[in-house]
Structure formats: structure tokens, C-alpha cells
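What follows is a short report on a single structure.
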Amino acid sequence: MSGNRTFTMIKPDAVEKGVGGAILKQIQEAGFKIIAIKQTKMSLEQAGKFYFVHRERPFYADLCAFMSSGAIMPAILEKENAVDDFRKLIGATNPANAEAGTIRKNFAESIDKNAIHGSDSDENAQIESNFFFSETERF
Ligand code: ATP
Ligand code: MG
């Protein structure tokens, strides 16, 4: 059975462009409740830990450099079937392949600067939520 929470992060390209609020509006209008949110910045070391699963991929170094290059907005979201529904809402990794109306189609520039992250499983949603938020920051 799938859970009702997922984790997201508005990436540095989108925060820098000032579209964080517009993205959150689309997320809320799609029926997701914000359980926790903040604006922060990862160090290169933290980005390396967050994306550790991708350490063997050729883009790992660039990904970690980009994700620690500016402010991000991590958040925990709640909705029935949260992980899958949120992946549908954000669209394909490469915005060129993302369906019309998805967040990446609306706000992303390229496969590396793709505006937003969404957890790919309930287990990773929990791990990623714990990476950024304590229990007293969740409501
Ligand atoms: P995310 O985990 O950020 O939600 P995703 O699950 O759609 O994205 P992953 O395969 O987990 O995609 O890749 C993580 C991130 O690494 C992508 O969001 C993208 O920014 C970057 N990435 C993935 N594939 C490539 C690639 N071929 N070239 C450059 N960057 C890539
Ligand atoms: Mg992923």
C-alpha cells in the first residue's frame, strides 16, 4: 500500500528565478497539503549525501555542485497516493519530455536545471524528509 506523504525540494534554478511561490501554488491547487517547509542552502557535502544513490552516475559531480549552488525550498507534502501523484504533477526528468501542465514543463529549463525534486518511493520520502526536518517542524 502506498503512503500519503512525499518529499519535495524546489531547486536553485527555480528559487533564483523567483518562481518558488508559483510552484507552491500549483502544488497546493493539486491537493497537496504542506506539512513542513523552509528555505535553506545545502553545502557540497550535504548535496553529496542527499544524492548518494547517484554517486556512480556521470552527472553526479555536476548535480551536487548545482544543488549546492543556491537556495532551495525543501518541503513535506501530504495527499492520498502522494509519491506517485506528485511524480505525475512534476513531470519527466527532462522538461523537454514533460507533459503540458506539469511543473517541469511550466518552470524547468533543462534536464539538470529541472526546477523541482520529488521522492521516488515511500521509503525515500521518509529518508529525505528526515534529512531536512525534525519532528517539531512538521504540522
Ligand atoms: P529528482 O530525483 O531530482 O526528482 P528524477 O527522479 O526525475 O529527479 P533522477 O534519475 O533521480 O531523476 O536524477 C536526479 C537528478 O539528476 C535529476 O533531477 C537531474 O537534475 C539530474 N539528472 C538526471 N539524469 C541526468 C542526465 N542524464 N544529465 C544530467 N543531469 C541528470
Ligand atoms: Mg530521483
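Numbers at a glance
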| item | result |
| --- | --- |
| Computed lengthening from ASN124 to THR40, 0.36 nm per intervening residue step minus Cα-Cα distance | 28.2 nm |
| Given LYS38/LYS79; LYS49/LYS88; LYS17/LYS49; LYS49/LYS79; LYS38/LYS113; LYS41/LYS79, the pairs whose alpha carbons are separated by over 23 Å | LYS49/LYS88; LYS17/LYS49; LYS49/LYS79; LYS41/LYS79 |
| Theoretical gain in end-to-end length, ALA22 to GLU99 [0.36 nm per residue, Cα-Cα removed] | 25.9 nm |
| Expected 222 nm ellipticity per residue - DSSP helices of 4 or more, -39500 (n - 2.57), all of the chain, to 500 | -11000 deg cm²/dmol |
| Taking N as its residue count, the alpha carbon Rg of the chain over 2.2 N^0.38 Å | 0.97 |
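A short reminder: the numbers here are calculations on the coordinates, not readings from a lab. As the structure is a prediction and not an experimental result, all values here were calculated from the model.
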